[in-house]
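Scroll down for the structure; my scribbles are underneath it.
The values are calculated or read from the model by the stated rules, or taken from the named source; none is laboratory data. Everything numeric here is computed off the predicted structure, so don't read it as measured data. Don't worry about glycine lacking a Cβ; one is built from the backbone with ideal geometry, like all the others, and counts go over all protein chains shown. In case anyone asks, the SASA skips ligands and DNA or RNA and just uses the protein heavy atoms, side chains included. Shrake-Rupley method; radii C 1.70, N 1.55, O 1.52, S 1.80 Å.
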Amino acid sequence: MVKKEYIKVYKKILTDNHLGDAQAGVEAFVRRLEEMYASEKYKEHNIYPSMNVEAIYAVVAMCLELKHFGLPDKEIIDAVDRGFESKRAAFKKLLNCIDLLPCCYSIARKWNINDHAKRVEDGSIDYDYFNLSDDKVEYSLSGCRYIDMFETYGIRPLCKIFCMTDEMAYASLTRHVKFVRHSDMSDSDVCHDEVIRKRRSK
């Protein structure tokens, strides 16, 4: 069963971008996603507690449907990103509040530590290294199940939609944190990020 929230997002994408008959497009999306949920691939992928595979598959289905309109990858990424913008509003407000706190970097550091632990435990991310210091978190990934799912359906570059989420989150945490993305796996072999404490001058 396809959740109403995914249907609403995809209908908004079609409507906002004037992509044909929105109702017919939504029906095609639902059929595709239902078939994907019933597939052996979904069973193979839906084993990672730290990942919302149901939602990832919904985005993959959106991308596959948008491919039929002949859109280049950049336009698909932008369209899907805008489609989910309203759903991120509450999270952005929370981040803006956290950005005001003196302990903002410590919170971001703890997020990374906890996420790393969960990813290693369930095997959803393969780390080359995960280095911690008081003022920096730096890591490199050479394997990612998000990437694997998109690659399974022949659309690896469109996983940029998920790769961008870190950049969008840290864009709201600028007072005490600097985020540096050297590369991500949607268009390279590794994801290499740094989360750095900003020392404020007195």
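Computed values, structure above
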item: Candidates Y48, Y42, Y57 - the one that is modelled with pLDDT of 95 or more, of a type in the set (S, T, Y) and touching a Leu at 6+ places or on another chain (Cβ under 8 Å); result: Y57
item: Those helices (runs of 4 or more DSSP H) lying entirely in segment 12-71 with at least 1 residues under 30 Å from D122 (Cβ atoms) and hydrophobic (A, V, I, L, M, F, W, C); result: 22-37, 53-67
item: Residues of segment 4-35 satisfying the condition of being free of Cβ contacts under 8 Å to residues at least 40 places away in the same chain, open to solvent by 20 Å² or more (accessible area, probe 1.4 Å) and within 16 Å of E85 (Cα to Cα); result: I7, K8, K11, T15
item: Residue check for E5: under 21 Å from K160 (Cβ atoms) and charged (D, E, K, R); result: no
item: Candidate set: segment 104-135, residues that are of a type outside the set (D, E, K, R) and assigned to a strand (DSSP E or B); chosen: the one least open to solvent (accessible area, probe 1.4 Å); result: I125
item: Lone qualifier among L173, L141 - being under 17 Å from the mean Cα position of the chain (by Cα), outside any helix (DSSP H, G or I) and buried (at least 18 other Cβ atoms within 10 Å of the Cβ); result: L141
item: Condition met for D148 (open to solvent by less than 20 Å² (accessible area, probe 1.4 Å) and either within 13 Å of the chain's Cα centre (by Cα) or under 24 Å from K74 (Cα atoms) (or both)); result: no
item: Condition broken by Y153, with the remaining ones in (1) exposed (fewer than 15 other Cβ atoms within 10 Å of the Cβ); (2) more than 27 Å from R199 (Cα to Cα) satisfied; result: (1)
item: Segment 92-103, subset in a helix (DSSP H, G or I) and in contact (Cβ under 8 Å) with a residue 24 or more places away in the chain, residue surrounded by the fewest Cβ atoms within 10 Å (Cβ to Cβ); result: N96
